[in-house]
Amino acid sequence: MPGIVVVGAQWGDEGKGKVTDLLAERADAVVRFQGGNNAGHTIVRNGRTWKLHLIPSGILHSGKLCVIGNGVVIDPRVLTDELGELRRTGVDTSALRISANAHLIMPYHLMLDHAGEARLGKLQIGTTRRGIGPCYADKAARLGIRVQDLLDEKILKQKIIVALEPKRLSLRPYAKDPALDLQAMAEEYLTYGHRMESYTADTTRLVHEQLDAGAVVVFEGAQGALLDIDHGTYPFVTSSNPVAGAACIGAGVGPRDISEIWGVAKAYSTRVGAGPFPTEIDGPLADLLREHGGEYGTTTGRARRVGWLDLVALRYAARINSMTALAITKLDVLSGLDRLQICTGYRGAEGAEFDHFPYHQSVLHHATGEYVELEGWAEDIGECRSESDLPACARDYVSFISEFIGVPVVLLGVGPGRDQVIWTGASDHTAVAAEHATTAS
Ligand code: IMP
């Protein structure tokens, strides 16, 4: 029954799409369990670039079961556009299944997200403005509209009326917006419902069937541990739980269904939106990393903030996820830097030292990184396919990370192509990785 969870170990954008895509090749099913189209995966395959926001990257492997779980919030306009685009380019989407229990992002969620950020002014979170927070808020308030509601006009209209009632005041600036017209909204959403109907299913049962039959199921997270609403840098977080435990809730399985937990981290750090970022760097070095790493949002196109690798945060992420393996992406982006800083502690505003992730918002906001300096490497590593091909300093960098956080490294990304990876041989962690290691060598 191997259930393998893939989660982001930083502030999102770690390259989970590529790792999931590689795992998906050997897996039987891929399940997305939280977040919405605030996420975006870029997958480069056969010289073609795919940008997916909602549909699991497993869809590119024809016929593989791909599930959008109950924990995901779905903007049906985005989902049906994404489906249309895949079909137009000849991708077989027939194995996609959408949870009937997943909540829908409604036009008013987008408006509320915009209005909320505007109201916060300088204190804004820097959300993707995709309506994610307001949709999860309605879910918790039991005012959400779910995929299954799209199959009945009467129920849909009734639920929209009830959901809109408490929002009247906040939505006043949009009162004349045609998107808020009940009839128009219901018609638009019924059309989406019609387009999604053949994909809609009891996905929890489908996942149980797979696991019970001994299939390999990959649970794909979005965002990252430090954006987790409970464990991240609240309130500068997303509105769901991107940690491994949420795979159970967002897919409908139990903890014992999970056998592997892969955390994905970049060889450095990035963050989009506001909030504390103790290892952030500015100036020419930041510009260089941003350009080399293509650090612009897949979803919003925003330039990402960049910084050195933060091992205090990564060790915390390893613990809250109970990570069994670490995938380090974009190691190649560091090539050419003489010296590398790696954060192993924080210093607070009053000089206090921290070797753990501070729980207190004020402490975290003023924390700066304490670094160990490691030697960099000049060589291009894009063609390396085994650890022994890597320059010694790159190997040392990777070992330092793995030892500090106490998690073995299962793969290293050395370039954007899907073949530009090194499987380290820490393959006892999963049969899937073992197979990869054999086929790659
Ligand atoms: P929201 O998820 O749109 O509500 O945004 C809340 C915070 O999470 C903001 O700082 C966003 O920039 C960040 N965020 C949401 N999704 C992603 C992602 O996929 N990658 C990186 N940051 C994200």
Candidate aspartates and glutamates - alpha carbon under 13 Å from residue 154, same-chain residues fewer than 8 apart omitted
187
Near the amide H of residue 410, under 5 Å away, which other amide H atoms are found, from residues 5 or more places off or on another chain, if H is placed in the peptide plane?
326, 327, 328
Given H placed 1.01 Å from N in the peptide plane, which residues other than close sequence neighbours of residue 370 have an amide H under 5 Å from its amide H?
344, 345, 346, 347
Residue pairs, from the table 16/159; 51/139; 16/167; 18/122; 159/266, whose Cα atoms sit over 32 Å apart
16/159; 16/167; 18/122; 159/266
Cβ-derived FRET efficiency at R0 25 Å, residue 168 paired with residue 142, nearest 0.05
0.85
Please give the FRET efficiency for residue 256 paired with residue 176, using the beta carbon to beta carbon distance and R0 = 35 Å, rounded to the nearest 0.05.
0.10
C-alpha center-to-center spacing [the range 352-420, the range 1-68] in angstrom
23 Å
Taking square-rooted eigenvalues a ≥ b ≥ c of the alpha carbon gyration tensor, is the range 103-199 rounded, prolate or oblate, where a/c under 1.5 means rounded and, failing that, a/b exceeding b/c means prolate?
prolate
Under the rule a/c < 1.5 gives rounded, and otherwise a/b versus b/c splits prolate from oblate, where does the chain land using the Cα gyration tensor?
oblate
Could I have the simple spin-label model distance between residue 191 and residue 285, label points 7 Å from Cα toward Cβ, reported in nm to one decimal?
5.2 nm
Carbon/sulfur fraction of accessible area - the chain, other protein chains in place, 1.4 Å, %
51 percent
For the range 310-350, list residues with backbone N below 13 Å from a point placed 7 Å from the Cα of residue 393 toward its Cβ?
334-341
Over the chain, relative contact order from alpha-carbon pairs under 8 Å, at least 6 apart, %:
19 percent
Please give the solvent-accessible surface of residue 366 in Å², to the nearest 10, using a probe radius of 1.4 Å with every protein chain present.
110 Å²
Just the number please: accessible area per residue for the chain, 1.4 Å probe, all protein chains included, in Å².
41 Å²
Residue by residue through the range 237-243, what is 3J(HN,Hα) from phi via Karplus (6.51 cos²θ - 1.76 cosθ + 1.60, θ = phi - 60°)? Round to whole Hz and write x for glycine and proline.
9, 8, 9, 10, 10, x, 8
In whole Hz and in residue order, list the ³J(HN,Hα) couplings for the range 400-417 that follow from phi through the Karplus curve 6.51 cos²θ - 1.76 cosθ + 1.60, θ = phi - 60°; x for Gly and Pro.
4, 4, 4, 5, 5, 8, x, 10, x, 8, 9, 8, 10, x, 10, x, x, x
So how strong a dipole does the chain carry about its Cα centre when Lys and Arg Cβ are +1 and Asp and Glu Cβ are -1, to the nearest 20 debye?
1500 debye
Can you pull the one-decimal nm distance between simple spin-label points at residue 118 and residue 49, each 7 Å off the Cα toward Cβ?
3.2 nm
Go through the range 296-301 residue by residue and turn each phi into a ³J(HN,Hα) via Karplus (6.51, -1.76, 1.60, θ = phi - 60°); whole Hz please, and just put x for glycine and proline.
10, x, 5, 8, 10, x
Over the range 103-199, what is the relative contact order in whole percent, taking alpha-carbon pairs under 8 Å and six or more residues apart?
30 percent
As a test of the formula, what do you get for the chain when each DSSP H run with n ≥ 4 contributes -39,500 (n - 2.57) and the sum is divided by the residue count, at 222 nm and rounded to the nearest 500 deg cm²/dmol?
-10000 deg cm²/dmol
What does the C-alpha gyration tensor say about the overall shape of the range 233-337? Classify as rounded when a/c is under 1.5, otherwise prolate if a/b is larger than b/c, or oblate.
prolate
With a Förster radius of 25 Å, plug the Cβ-Cβ distance of residue 298 and residue 372 into 1/(1 + (r/R0)^6) and report the FRET value to the nearest 0.05.
0.20
The chain, Gaussian network, Cα under 10 Å: of 309, 65, 390, the residue fluctuating most is 390
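The values are calculated or read from the model by the stated rules, or taken from the named source; none is laboratory data. Keep in mind it's a predicted model, so treat the numbers as computed, not measured. Neighbour counts run over all protein chains shown; Cβ positions are idealised from the backbone, glycine included. Ligands, DNA and RNA are excluded from the accessible area calculation, which covers all protein heavy atoms including side chains. Shrake-Rupley method; radii C 1.70, N 1.55, O 1.52, S 1.80 Å.
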